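The values are calculated or read from the model by the stated rules, or taken from the named source; none is laboratory data. What you are looking at is a predicted structure, and each value in this text was computed from that prediction instead of being measured. Here the Cβ is made from the backbone with ideal geometry for all residues, glycine too, and neighbour counts use every protein chain on show.
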Amino acid sequence: MTELERVGRRRLGRSRLGAVPTELPRLEERGTAQLALLAEPALERARERRELLPGVVHIGGWLDLAAQRTLAAEFLRWAEPPAGLRHPRMPTGHLMTVQSVCLGWHWYPYVYSKTADDVDGAPVKPLPRSLFELGRAAVAAAYGDASRAARSYAPDAAIVNLYAPGARLGLHQDAEEPADAPVVTISLGDTCVFRMAGVKTRNAPFRDVELASGDLLVFGGPNRRIYHGVPKVLSGSARADIGLPPGRLSITLRETGL
């Protein structure tokens, strides 16, 4: 690993145990748990743009059902080894409850690399051009086509997290990247509670927003490094025909500056 790939690493050491690879159940084994909880499929929602905090923009219903299904199908391919889906492990040895696969750059706490060093050492999967363009469209939708952020945004990494039932993500900063470009998060599947604290503190007061399937959240500007997390996922809240296993999928796009 080069020094460039170590940019942003915190002085917390590194667990010797590594991550734990995971596999998604085969399609015929996924069952109908979500289907049983939804008598009627949820209707697609109109897009609604809200600026929650300076530089933090939420657009509900940004992706239509067809786009959600396309991303879900692509995720099933990304999740396959090599450099596939795994539970990342914190430097303390704690195993994260989310399952993660990376594109463009491989991330594990708190390092970027071009190989999946905490799993099988395989080269990271490339960031698809379709995700690159989706990220640019997301920033334009959040800040306007003519904004400097929209004109210059060039994501080169995606962290794709699967929140199976019971999974959550503690408050943290996206601080490993030298770049100050916005962070783009696209939600699929179950609705989650997305929590924000402050740039300098992870303590209350909090600002919570529910992110449903197809929703977009972009944070940048003065709140680019805001503390944020997912304390709760509303199990069974997704429609059953998106093509995901039970839970929530988040696709987070970043411009690393590496």
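Screening the candidates 50, 69, 77 for the property of being modelled with pLDDT of 95 or more, under 18 Å from residue 237 (Cα atoms) and not in a loop (DSSP other than H, G, I, E, B) yields one hit, 69. For region 184-223, filtering for residues that are without any contact (Cβ under 8 Å) to a residue 24 or more places away in the chain and among the aromatic types (Phe, Trp, Tyr) leaves 1. Listed here are the strands (runs of 3 or more DSSP E) enclosed by region 187-258 that have at least 3 residues being closer than 22 Å to residue 134 by Cα and in contact with a helix residue (DSSP H, G or I) (Cβ under 7 Å, 6 or more places away or on another chain): 248-254.
Quick one: in region 95-116, of everything that is assigned to a loop (DSSP other than H, G, I, E, B) and modelled with pLDDT of 95 or more, which residue is surrounded by the most Cβ atoms within 10 Å (Cβ to Cβ)? Among those residues, the one meeting the criterion is 116. Return yes when residue 184 is touching a Pro at 6+ places or on another chain (Cβ under 9 Å), under 29 Å from residue 82 (Cβ atoms) and β-branched (Val, Ile, Thr) and no when it is not. Answer is yes for this residue.
Comparison of 146, 157, 137 shows that the only residue that is within 24 Å of residue 49 (Cα to Cα), among the small types (Gly, Ala, Ser) and modelled with pLDDT of 95 or more is 137. Selection of region 183-233 for residues being under 12 Å from the mean Cα position of the chain (by Cα), of a type in the set (Gly, Ala, Ser) and more than 19 Å from residue 67 (Cα to Cα) yields only 229.
Of the residues making up region 196-222, just one is under 23 Å from residue 255 (Cβ atoms) and of a type in the set (Asp, Glu), namely 215.
Restricting the search to region 212-225, which residues are aromatic (Phe, Trp, Tyr) and surrounded by fewer than 17 Cβ atoms within 10 Å (Cβ to Cβ)? Residues satisfying the conditions do not exist here.
Being farther than 28 Å from residue 154 by Cα and of a type in the set (A, V, I, L, M) holds for only one residue in 212, 181, 240, and it is 240.
Yes or no: region 200-211 includes at least one residue that is surrounded by fewer than 19 Cβ atoms within 10 Å (Cβ to Cβ) and among the aromatic types (Phe, Trp, Tyr). Within region 200-211 (the criterion being surrounded by fewer than 19 Cβ atoms within 10 Å (Cβ to Cβ) and among the aromatic types (Phe, Trp, Tyr)), the answer is yes, since at least one residue qualifies. On the given criteria, is residue 245 farther than 22 Å from residue 156 by Cα and either surrounded by fewer than 24 Cβ atoms within 10 Å (Cβ to Cβ) or among the polar types (S, T, N, Q) (or both)? It is true that residue 245 is farther than 22 Å from residue 156 by Cα and either surrounded by fewer than 24 Cβ atoms within 10 Å (Cβ to Cβ) or among the polar types (S, T, N, Q) (or both). Which of the residues spanning region 88-120 are closer than 16 Å to residue 160 by Cβ and hydrophobic (A, V, I, L, M, F, W, C)? Residues satisfying the conditions are 96, 98, 101, 102, 103, 105, 107, 116, 119.
Note on region 121-178: residues that are over 24 Å from residue 77 (Cβ atoms), of a type outside the set (D, E, K, R) and crowded, with 19+ Cβ neighbours inside 10 Å amount to 5.
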